[in-house]
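The next block holds one structure in the form of structure tokens; read it before the comments.
A short reminder: the numbers here are calculations on the coordinates, not readings from a lab. Since this is a predicted model, take the numbers as computed values, not measurements. Every residue, glycine among them, receives a Cβ derived from its backbone with ideal geometry; neighbour counts consider all protein chains shown.
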Amino acid sequence: MTGMGRELTRKTATELAAAIAAGDVSAVEVTQAHLDQIAATDDRVRAFLHVATNEALAQARAVDEKRARGESLGALAGVPVAVKDLFATAGVPTTCGSKILQGWVPPYESTVTARLRAADAVVLGKTNMDEFAMGSSTENSGYGPSHNPWDLAKVPGGSSGGSAAAVAAFEAPLSLGTDTGGSIRQPAAVCGIVGTKPTYGGSSRYGVVAFASSLDTPGPLGRNVLDTALLHQVISGHDPMDATSIDAPVPPVVEAARHGDVSGMTIGVVTELAGDGYQPGVMSRFAEAVEVLQGLGAKVVEVSCPHFKYGLPAYYLIAPSEVSSNLARFDGMRYGLRAGTGSAEEVMATTRAAGFGAEAKRRIMLGTYALSSGYYDAYYGKAQQVRTLIIRDFEAAFSQVDVLVSPATPTTAFDIGERADDPMAMYLADLCTIPSNLAGNAALSVPVGLAPENGLPVGLQVMAPPLADDRLYRVAAAVEAAFDSRRGHPLLAEAKGLGA
Amino acid sequence: MAVTYEEALTRYEPVFGLETHVELGTRTKMFCGCITTFGGEPNSQVCPVCLGLPGSLPVVNRTAIEYTIKIGLALNCTIASWCRFARKNYFYPDMPKNFQISQYDEPLCSEGYLDVAVSGEIVRVSIERVHLEEDTGKSLHVGGATGRIQGAEYSLVDYNRAGIPLVEIVTKPVPGTGSMAPDVARAYVTELRDVLRSLGVSDVRMEEGSMRCDVNTSLSVRGSGVWGTRTETKNVNSLRSVERAVRSEIPRQAEVLDAGGRVVQETRHFHEESGETTSGRSKEEAQDYRYFPEPDLVPVAPAADWVESIRASLPELPSARRSRLLAAWSLSELEFESLRNAGALDVVEATVAAGASSADARKWWMGELARRANEAGVEVSYLAITPAEVARVSALVSAGTLNDRLAREVLDGVLAGEGTPDEVVEKRGLAVVSDDSALLSAIDEAIAANPDVAEKVRSGKVQAAGVIVGAVMKATRGKADAARVRELVLERLA
């Protein structure tokens, strides 16, 4: 890799967009630099399932030609973006990390990736993930795990682990993920980058292969707050193809990211998101971040959300219930894997037995049980009641504070294989992030340093009311600026996993 | 020894109920923009949404909601102010998502009724619910004897029908109709079809499957007050079959009960040829559809003023129309029924609107035109003649320009595509000879040819004039107005 190529991959998306628009560098050069970085590092990181080399270079050329013709360029013109492999991309394979969709090439484009293309961004390829987004480590991928660029023996989090690892490994300045129980925020936290779960309905689910429809939220990941806000802005807004999409203006997230100012804000620390099971280094970094916010003029109060403790069990009834129905269509009849012979029922059963991994099967069984006649009220019905209580906790909290904060994850990145055989331990990785999915509000994770005991990144979670996504960026930008100036460089400069 | 229908009724009281599925006539499907036209090339009217491709999402068709509310209002139902769609989960290859978006415990319309006339008596059928769902694709099972999936070599699926809005109209059990049960069942479906047709929400063609019935039947031992186990006869696809399905199930169940057996809760298949049902899937162990609210859709909350504006725009319903026409046309119930059964109400009414008397309009449509329609095996409304054209023929007869025989020839011409009635009269030279001078020469010739008869008439035997009138009609090849000829003959011989 040339020095110039390496330099390009270290730039922010904002810098790249400006340089391309000014003609200081071509979109093709930028794309090629990132393709080179992928070639140099991805055999170790394994962030990508599919690198769309030709399509990416063609898109980059189109951007350069557009610029040469003097046409106006989109907000992300020429900026490479890595896309989680559950966004339908026309003509580009989409597997959702599952063997059951191996070889499926969607005939249509998701709204979010269509908006990405409309903004002249370049899609580099599709990133690894836990199968159908079910997991917190990418170990549930049907194609093997991705590795954390901070320490290749560690998981990059999940389910959007490939998207987080690609950004942390400088293979892409930005990436797209989806967050159903923490699947953007948790990998962003353990990879030392920024990741946002927008307000549910703020970004379209059309063309996003469903995991749990009432929770799934597409969102951005980036190396810094402003880049993340830029991508957030580009992919958001009302979509008539998604009935749950909110018909309201996109909150001014970019504006907020440019002016990180928390003076006069009231910030609530959630009492329940701390204690047993939280790693000491995570708690010390979190406490330090809260002090920083106080130092910047925010008023910090403690807020109790008594029903958050039921979030995890409620989530593990609602999400599997929806999964059991959403994944029913993968039956070998129309697309993807087909296994076995005999009657339609036999082919369906054999295909599903062969195509789904253990976690997908576990959740399909859980959900089928939870929805079955005679158990519905006790499980699915009760979980929905808990959901309502959690929404009320948030409403009560947001009547007193502008945002809530907590650690993004109870621990830093764990070893690959460490929790693979212990689903409950794995599920705990999403303890802090799940309440916002159940309530549908906005939340983000921003890096706040390294845990002293192991030198791995810690994320601060910021939570805001629905459609107040801009508050997340105000707080995160302030935190990022304070820590960067204290440190003298971005946190990622300290990542050692790639020998950098 | 087989139990007859009549014997069965001496010991048992039949109870029936109907579930009717109706494909709505919206231009596009329930949850996507694909067109709904019948008979397209297989899998040509599909998209990611109705194919259930991974990542696709449904969006509700507002017109389908409006049509369903119309149906609910016409059936005197309560319209829900808030309700949700639900997923009905089961695996079948013609269902692209392996769940059907339907409604479960929150139907859009509930608690209504429909009054139906049977032999001049009104029976009120209570409606339990009217809900909206999506249709499935259509399977074609190739190879094997039955045309069912069991035993087939392979199956083809056409998803053109997948996602077409389907309304399910469910009655409450209808007890107390005794031996009339099959007739009431048929009359209900007939009335329902007419209501839906008048609303313009469906083409309600049972032969094309846009209206399909499941018939539930059970027997109660007379005087016991306890209802028996019901069977569900699936896909009964003509009005006649609805009646036959109930009529055949009553003695079949009676025979089982008489022998001390118990009726098995099951679905049964109706066979058009034999009029009999055979056992299908047992429903003793109810399939668990694991219904839950459809998370991809937001609740449907029709605003009260929207519902009221739909109510205000409802057309005249068949029962109201019946009362009106009975009075306006001075019809007996029987005459009205025969008009309705012939599917002639609309054309007769339009013919009257175009100026014909109701008696004349009925005469032509139920006589000459009904005969021709019958020969062609279609309803009169499908004949290639418009009510306005029939009214014009009727007017020409009243004016004396045509007599009945010539009028029939004009109808022939119009049906053969020769043009309007006036054009046919012109081209075929069919007008009655009304020019007196032309008639007078023919009359004079006839008088000259029949001097004896002429003398009788002159002497006052007026009825003898018929011979001369007949000769004139023969000479003018029937184009003369016989009444006018008679007048002129009598003047001549006065």
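Dipole magnitude for chain A: about 360 debye, using +1 per Lys or Arg Cβ and -1 per Asp or Glu Cβ, origin at the Cα centre. Rounded to the nearest 10 degrees, the angle from helix B:436-449 to the longest Cα principal axis of chain B is 60 degrees.
Along the positive direction of the dipole of the range B:5-306 (beta-carbon charges: Lys, Arg +1; Asp, Glu -1; about the Cα centre), which of B:T231, B:P107, B:G39 reaches farthest? Ranked along the dipole, the leading option is B:P107.
Ranked highest first by the average count of other Cβ atoms within 10 Å around their residues, in what order do B:201-213, A:151-163 fall? Each step should come with its number before you reach the end.
Working: B:201-213: 18.2, A:151-163: 30.5.
In descending order of packing, they fall as A:151-163, B:201-213.
Pairs A:K361/B:K97; A:K84/A:K197; A:K197/A:K361: which are spaced more than 21 Å apart, C-alpha to C-alpha? In this structure, A:K197/A:K361 exceed 21 Å between Cα atoms.
Geometric descriptor of the range B:57-171, per residue, is 143 Å³ (volume of the convex hull of the Cα atoms).
Descending by average beta-carbon neighbour count within 10 Å, the peptides A:10-20, A:383-393 line up as A:10-20, A:383-393, the highest first. Principal axis extents of the Cα atoms in chain A, from largest to smallest and rounded to whole angstrom, are 63, 53, 44.
Near A:E71, once Lys and Arg are set to +1 and Asp and Glu to -1 for all other residues with Cβ below 13 Å from its Cβ, the sum equals 0. Counting Cβ atoms of other protein chains within 10 Å of each Cβ in A:243-253 and taking the mean gives 2. Using +1 at the Cβ of each Lys and Arg and -1 at the Cβ of each Asp and Glu in the range B:246-291, identify which of B:Q265, B:T277, B:P251 lies farthest towards the dipole's positive end. With unit charges placed on the Cβ atoms, the residue in question is B:Q265.
For the range A:404-500, the square roots of the Cα gyration tensor eigenvalues, ordered a ≥ b ≥ c, give a/c of at least 1.5 with a/b no greater than b/c, which places it in the oblate category.
Kirkwood hydrodynamic radius for the protein assembly as shown: how many Å is it when counted over pairs of different Cα atoms? Before the final figure, lay out the partial values.
Details: mean 1/r = 0.0300 Å⁻¹.
Hydrodynamic radius (Kirkwood, Cα pairs) of the protein assembly as shown is 33.3 Å.
The alpha-carbon atoms of the range B:70-128, seen along their principal axes, cover 47, 29, 17 angstrom, with the largest extent given first.
Would you mind checking the range B:190-229 for residues with the amide N under 14 Å from a putative spin-label position 7 Å along Cα→C-beta of B:S313? It comes to B:199-201, nothing else. Estimated translational diffusion coefficient (Stokes-Einstein, Kirkwood radius over Cα pairs, 20 °C, 1.002 mPa s) of the range B:5-306: 106 µm² per second.
The simple Förster model, with R0 at 60 Å and r as the Cβ-Cβ distance, assigns B:A145 and B:E418 a FRET efficiency of 0.75. Beta bridges per DSSP, both residues in the range A:37-173: antiparallel share near 50 percent. Would you please classify the overall shape of the range A:85-159 from the alpha carbon gyration tensor, given that a ≥ b ≥ c denote the square roots of the eigenvalues, rounded means a/c under 1.5, and beyond that prolate means a/b larger than b/c while oblate covers the rest? Because a/c hits 1.5 or more and a/b fails to exceed b/c, the range A:85-159 counts as oblate. Let me make sure I get this right: for the range A:339-462, a, b and c are the square roots of the gyration tensor eigenvalues over alpha carbons, sorted descending. Under 1.5 in a/c it's rounded, otherwise prolate if a/b > b/c, else oblate. Which is it? It is oblate, given that a/c is not under 1.5 and a/b is not larger than b/c. For chain B, the cysteines with no partner cysteine C-beta closer than 4.7 Å are B:C32, B:C34, B:C47, B:C50, B:C83, B:C213.
Cross-link partners for B:K363 among the lysines, with Cα-Cα distance under 24 Å and sequence neighbours closer than 8 places in the same chain left out: B:K479.
Here the range A:295-381 is treated with +1 on each Lys and Arg Cβ and -1 on each Asp and Glu Cβ, and its dipole about the Cα centre works out to around 220 debye. Measuring r between the beta carbons of B:A449 and B:S338 and using R0 = 56 Å, the FRET efficiency lands at 0.75.
Taking every residue in B:88-99 and counting other chain Cβ atoms within 10 Å of its Cβ, the average works out to 5.
Compared with the direct C-alpha span, the chain from B:Y90 to B:D288 gains 70.4 nm at full extension, assuming 0.36 nm per residue. Of the residues A:V462, A:A274, A:I246, the one whose Cα sits farthest towards the positive end of the charge dipole of chain A is A:I246 (charges of +1 on Lys and Arg Cβ, -1 on Asp and Glu Cβ, taken about the Cα centre). Inter-chain neighbour count for A:357-370: the average number of beta-carbon atoms from partner chains within 10 Å of each residue's beta-carbon is 1.
Considering only DSSP beta bridges whose two residues both sit in chain A, what percent are antiparallel, to the nearest 5?
Working: 30 of 46 bridges.
Expressed as a percentage, antiparallel bridges in chain A total about 65.
A straight chain from A:Q385 to A:D415 at 0.36 nm per residue would run longer than the Cα-Cα distance by 7.2 nm. Projecting label points 7 angstrom from Cα along Cα→Cβ for B:T10 and B:A399 puts them 6.6 nm apart. In terms of the mean number of neighbouring beta-carbon atoms within 10 Å, the peptides A:305-318, B:409-422 order highest first as A:305-318, B:409-422.
Relative to the dominant Cα principal axis of chain B, helix B:387-398 is inclined by about 20°. Annotation for B:R477 and B:E272: the two label points, set 7 Å from Cα along the Cα-Cβ direction, are 4.7 nm apart.
Among the DSSP beta bridges whose two residues both lie in the protein assembly as shown, what percent are antiparallel, rounded to the nearest 5? Once the DSSP bridges in the protein assembly as shown are tallied, antiparallel ones form about 80 percent.
Only Lys, Arg, Asp and Glu count, each charged at its Cβ (+1, +1, -1, -1), so figure out the dipole size of the protein assembly as shown about its Cα centre, rounded to 20 debye.
Details: 94 positive and 122 negative charges, 42 e Å.
So the magnitude is around 200 debye.
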